[in-house]
Amino acid sequence: MTLESDIKIESVLQEDRIFPPSTEVTEKARIKGFHEYKKMVDYANSNPDDFWGNSAKEELHWFEPFNKVLDWSDPPFAKWFVGGKTNISYNCLDRHLQNGNGDKQAIIWEGETGEIRRFTYKELHSEVCKTANALKELGIKKGDLVALYMPMVPEAAISMLACSRIGAPHSVVFGGFSAEALRDRLVDGEAKAVITADGGFRKDKIISLKPAVDDALSNNSCPTVQKVLVVRRTNENIEMQPGRDIWWHDLIPSQSTECPALPIDSEDRLFVLYTSGSTGKPKGVVHTTAGYNLWAHLTFKWIFDIRSEDIYWCTADVGWITGHSYIVYGPLSNGSTTLMYEGVPRPSNPGAFWDVIQKHSVSIFYTAPTAIRAFMKTGRELPDKYDLSSLRLIGTVGEPINPEAWMWYRDVIGGKNCPVVDTWWQTETGGVMISPLPGVTSTKPGSATFPLPGIQADVVDSEGISVRDNEGGYLVIRKPWPGMMRTVHGDSNRFRESYWEFIKPKDGSLIYFAGDGARRDSQGYFWVMGRVDDVINVSGHRLGTMEIESALVSHQSVSEAAVVGRPDDLKGEAIVAFVTLENGVESSDLLLTTLVNHVKAEIGVIAKPDKIIFTDALPKTRSGKIMRRLLRSLASGKEVSGDTSTLEDVSVLDKLRN
Ligand code: WT7
């Protein structure tokens, strides 16, 4: 991890507003009041084997019982529920059929173009079985990686469950990534097949997907990929390569609706999901079967305090971990009704979210602060036009939420009577780690409050010593938990180095750290302050600055590039790139557009710089390190403060100021 030694975590203003749970919420809640939460915490901490072991036995179906709860003999490589065999697709489907819930709605889907599709658990089970059989027919076997590059259609969830049913790990690649980015992920994961669609609808436009897959596979650049399964969604004209490409509608309908779930080892890979880190290449975060299933299941149940009549909606995309854990696996494992929406608020339907809540009587709503800030900006008139009274709980995820956005969310969307859960977690943690519990926690706007039972979170210095109240530090987890990532695909050293060796306790123990700074107040509330590494968070999307830099430098006109985040009212952070050009290349508006498009092509539209600043030189230390801290100040229009004595050439700074 590249972290500047001079980075300081600034303390934020004290927040005094506090909202205790109402008696009504607490009475109905599964975990009632702080004493019950405390009891769980104490039990988990004093007897983790029983806490996790009993939870796993109670919450999941086992084809074969496990004989050891946690094997931590080779840290940081954990093995949970050793020797057990289960299947997450079974836990999400079959057991609900056996419990008499086969006719319950599993997925309600609404497309951007207005159509609605519903699947009961029975129907979803059939679709998943058919798809699993089709994958087998295509030659997919246990252990083969299947990549998904799809719009938000039910077939995405069906494909994930079909893969896990036969023990084929999936690797979902967000549809907003470019062909280049897709190719990198296919190659790194050695994918055997790709499931995609002709295209998808996004903000009143069509985005094409299959052509990007063709591009990614061209010139035999991913030789492991044998088959491409294509869902028809937009009806565009696309090319189908004989022998490789098959239409979903030609293959799936005729399959048998029975496909027994394969008993899968607890520690067999369930999925790989790529995420950005401090270094250039995205890492394939590996999650395994049983531990992930348990953590997604438990956290969903606790945090949303789910009831059988709930209509739950998470606005994420299945291309991110939030979609994995809280659109698909968490809700379905609990037998809940999960709503999947293809659209986002857009010119033709700015009130789309509120419309969906009203239409489907959504009771639990889970979205990102960036969306809330955007709505806040356009005013309450829009949401006020809709009946949002079905809501009983609202949540946020993805980035720190500023107290004012939190208050607006609570008042305007939650009608002042819905608990707000601000959930902190990461792709790597599999599920939420720090969050209020609706019947337990008195919330403070902007704080993710307390760690969940079993999670030993702390704020520490670089030696792993807890810092004092209200002092900033590194947010860490001290003990393994079932949902933790197991490794970086193909690079276990990177896993150890990036996450477990950054904090260096004197006794040599291992502590998990994945890049966030935080502070804990005198009442023990956690305040997450955002990344302290070279990762920026743009509208809840995580991007490595180095990744964007490599994309820029790969253009023939660019000599050097440094990318930093600048605080942005709506997106959280905006991308600012400082670029020096090759000798003889002149800066121009045309070049600016070319470079923006180049980044789009290399990574995807989400990584598009908001601003490119051409400069003759970048501020560097005498040892040649780019001083990003200075660039960050410059980009956000702040006075450059702190030590500049290590600068090799001070005049560079003066030029940049102008
Ligand atoms: C990073 C992880 C995990 C779901 C989506 C993002 C930031 C996430 C919060 C929150 C403050 C948050 C952190 C974290 N983050 N939730 N409630 N408060 N920051 O997953 O792409 O792996 O990004 O998102 O910086 O490290 P991800």
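Can you give the net charge of the other residues whose Cβ lies under 15 Å from the Cβ of Ala617, counting K and R as +1 and D and E as -1?
Working: positive: Lys620, Arg622, Lys625, Arg628, Lys655, Arg657; negative: Glu560, Glu582, Asp616, Glu648, Asp649, Asp654.
It works out to a net charge of 0.
Average the reciprocal distances over every distinct pair of alpha-carbons in the stretch 72-181, invert the result, and give the Kirkwood radius in Å.
It is 15.8 Å.
Based on the Cα atoms of the stretch 365-428, what semi-axes does the equivalent ellipsoid have, where each is the square root of 5 times one gyration tensor eigenvalue, given in whole Å with the largest first? Please list the in-between numbers first.
Values: eigenvalues 78, 37, 18 Å².
Listed largest to smallest, the semi-axes of the stretch 365-428 are 20, 14, 9 Å.
Let me know the Kirkwood hydrodynamic radius for the chain, please, with Cα pairs as the basis and the value in Å to one decimal.
Values: mean 1/r = 0.0392 Å⁻¹.
25.5 Å is the Kirkwood radius here.
How much mean residue ellipticity at 222 nm does the chain get from its helices, if each DSSP H run of length 4 or more adds -39500 (n - 2.57) and you divide by all residues, to the nearest 500 deg cm²/dmol? List each step's numbers first, then the result.
Details: 21 runs with 185 residues, N = 658.
Helix contribution divided over all residues of the chain: -8000 deg cm²/dmol.
Would you please put 108-119, 306-317, 176-187, 408-419 in order of how densely packed they are, using the mean number of other Cβ atoms within 10 angstrom per residue and starting with the highest? Walk me through the numbers on the way to the answer.
Numbers: 108-119: 16.0, 306-317: 19.8, 176-187: 21.5, 408-419: 18.2.
So the peptides 108-119, 306-317, 176-187, 408-419, ranked by packing, come out 176-187, 306-317, 408-419, 108-119.
Considering the Cα trace of the stretch 283-374, what is its radius of gyration and what is Dmax, both in angstroms?
14.0, 43
Classify the stretch 312-419 as rounded, prolate or oblate from the Cα gyration tensor: take a ≥ b ≥ c as the square roots of its eigenvalues, call it rounded if a/c is under 1.5, otherwise prolate when a/b beats b/c and oblate if not.
Working: a/c = 1.45, a/b = 1.38, b/c = 1.05.
Rounded shape, in that the Cα axes give a/c under 1.5.
I'd like the Karplus ³J(HN,Hα) series for the stretch 399-410: coefficients 6.51, -1.76, 1.60, θ = phi - 60°, whole numbers in Hz, and an x wherever there's a Gly or Pro.
Per-residue couplings from phi come out as 6, x, 9, 6, x, 5, 5, 4, 5, 5, 4, 5 Hz.
Counting C-alpha atoms alone, how compact is the stretch 500-550: give Rg to one decimal and Dmax as a whole number, in angstrom.
Values for the stretch 500-550 (Cα only, Rg and Dmax): 14.2, 43 Å.
With a 10 Å radius around each residue's Cβ, average the other Cβ atoms per peptide and rank 608-619, 281-292, highest first. Walk me through the numbers before you get to the answer.
Numbers: 608-619: 17.4, 281-292: 24.9.
So the peptides 608-619, 281-292, ranked by packing, come out 281-292, 608-619.
Can you give the FRET efficiency for Asp616 and Asp49, using 1/(1 + (r/R0)^6), R0 = 60 Å, r = Cβ-Cβ distance, to the nearest 0.05?
On the way: r = 61 Å, r/R0 = 1.02.
Approximately 0.45, to the nearest 0.05.
For the stretch 10-127, how big is the tail of P(r) above 18 Å, as a whole percent of Cα pairs? Please report the intermediate quantities before stating the final value.
On the way: 5022 of 6903 pairs.
For the stretch 10-127, the share of Cα pairs beyond 18 Å comes to 73 percent.
How much length is gained if the chain between Val650 and Thr594 is pulled fully straight, taking 0.36 nm per residue apart and subtracting their Cα-Cα distance, in nm to one decimal? Present the calculation step by step, with values, prior to reporting the outcome.
Details: separation 56, 0.36 × 56 = 20.16 nm, distance 3.06 nm.
Between Val650 and Thr594, full extension yields 17.1 nm more.
Net charge around Val652, counting only other residues with Cβ within less than 11 Å of its Cβ (Lys, Arg = +1; Asp, Glu = -1)?
Overall, the nearby charge balance is -1.
At a Förster distance of 35 Å, what's the computed FRET efficiency of Arg307 paired with Leu570, Cβ-Cβ distance as r, to 0.05?
After rounding to 0.05, the efficiency reads 0.55.
Quick one: Karplus J couplings for the stretch 384-392, per residue in order, coefficients 6.51, -1.76, 1.60, θ = phi - 60°, nearest Hz, x for Gly and Pro?
5, 6, 10, 8, 10, 5, 6, 5, 10
Mind giving me the nanometre distance, one decimal, between the label points for Asp507 and Lys28, set 7 Å out from Cα along Cα→Cβ?
Distance between the two pseudo-spin positions: 4.5 nm.
Find the centroid of the Cα atoms in the stretch 82-125 and in the stretch 532-550, then give the distance between the two in whole Å.
Using only Cα atoms, the two centres lie 35 Å from each other.
Which residues' amide hydrogens lie under 5 Å from the amide hydrogen of Trp247, considering only partners 5 or more residues apart or on another chain, with H built in the peptide plane?
Amide H neighbours of Trp247: Val230.
Residue by residue through the stretch 508-524, which ³J(HN,Hα) values in whole Hz follow from phi under the Karplus form 6.51 cos²θ - 1.76 cosθ + 1.60 (θ = phi - 60°), with glycine and proline marked x?
Using θ = phi - 60°, the values come out as x, 6, 9, 10, 7, 9, 10, x, 9, x, 7, 9, 10, 7, 5, 9, x Hz.
Sticking to Cα atoms, compute the Rg of the stretch 473-588 to one decimal and its Dmax as the biggest Cα-Cα distance, whole number, in Å.
Answer for the stretch 473-588, Rg first and Dmax second: 18.2, 60 Å.
Each value in this text was obtained by applying a stated rule to the coordinates, not by laboratory testing. Worth saying up front: this structure is predicted, and the values here are computed from it rather than measured. Glycine also receives a Cβ, built like all others from the backbone with ideal geometry; neighbour counts cover every protein chain displayed.
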